[in-house]
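The values are calculated or read from the model by the stated rules, or taken from the named source; none is laboratory data. Every value quoted in this text rests on a predicted model; they were computed, and no experiment measured them. Note that each Cβ is placed from the backbone with ideal geometry, even for glycine, and that neighbours are counted across all protein chains shown.
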Amino acid sequence: MNKKVFKMGIMYLRSAGMKNTPEFEKEQVEVWWQSLKDLNDRLFLETCKELIKKESWFPAIADIRRLVKHPDDPVLAAAYRRIEKIEEGKKNVRRIKLAEKSV
């Protein structure tokens, strides 16, 4: 995930008026970034949006990671699998194009 997407997801969560929303210090933001940066951009944002709709308490890092990797909602899980396949397809196309350029 890129940092712009990360900041957008955190902004969604902080703007939702959830209970227990932290006042992030610079060091805390860095811990969250380091803990979540390996997640897919789209999946992270969709998870943040779903959390806003379904939860009243601000999530922990582990909650976000769990929901990205193993969503509770079967419809959301199917959507995440489609997004992952699309992203993997894009990576494969990039690899092919790079291989063609180097020949």
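Across region 71-103, which residue is modelled with the highest pLDDT among those that are within 18 Å of residue 43 (Cβ to Cβ) and among the acidic types (Asp, Glu)? Talk me through it step by step, then tell me what you get.
Of all residues in region 71-103, those within 18 Å of residue 43 (Cβ to Cβ) come to 71-91.
In the following step, the residues that additionally are among the acidic types (Asp, Glu) were identified as 72-73, 84, 87-88.
Details: 72: 70, 73: 67, 84: 73, 87: 73, 88: 76.
Among those that are within 18 Å of residue 43 (Cβ to Cβ) and among the acidic types (Asp, Glu), it is 88.
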Return the only residue of 8, 1, 18 being touching a strand residue (DSSP E or B) at 6+ places or on another chain (Cβ under 8 Å) and surrounded by 11 or more Cβ atoms within 10 Å (Cβ to Cβ). 18
Which condition number does residue 47 fail, the rest of (1) more than 19 Å from residue 81 (Cα to Cα); (2) within 12 Å of the chain's Cα centre (by Cα); (3) of a type in the set (S, T, N, Q) being met? (1)
Return the pairs, sorted by first residue and then second, in which the second residue is not in a helix (DSSP H, G or I), the first residue lies in region 42-62 and is in contact (Cβ under 8 Å) with a residue 40 or more places away in the chain, the beta carbons are less than 6 Å apart, and the residues are 6+ apart or on different chains. 44/1; 52/16; 58/18; 58/20; 58/21
Residue satisfying all of: in region 22-42; closer than 20 Å to residue 68 by Cα and of a type in the set (S, T, N, Q); farthest from the chain's Cα centre (by Cα) among these: 34
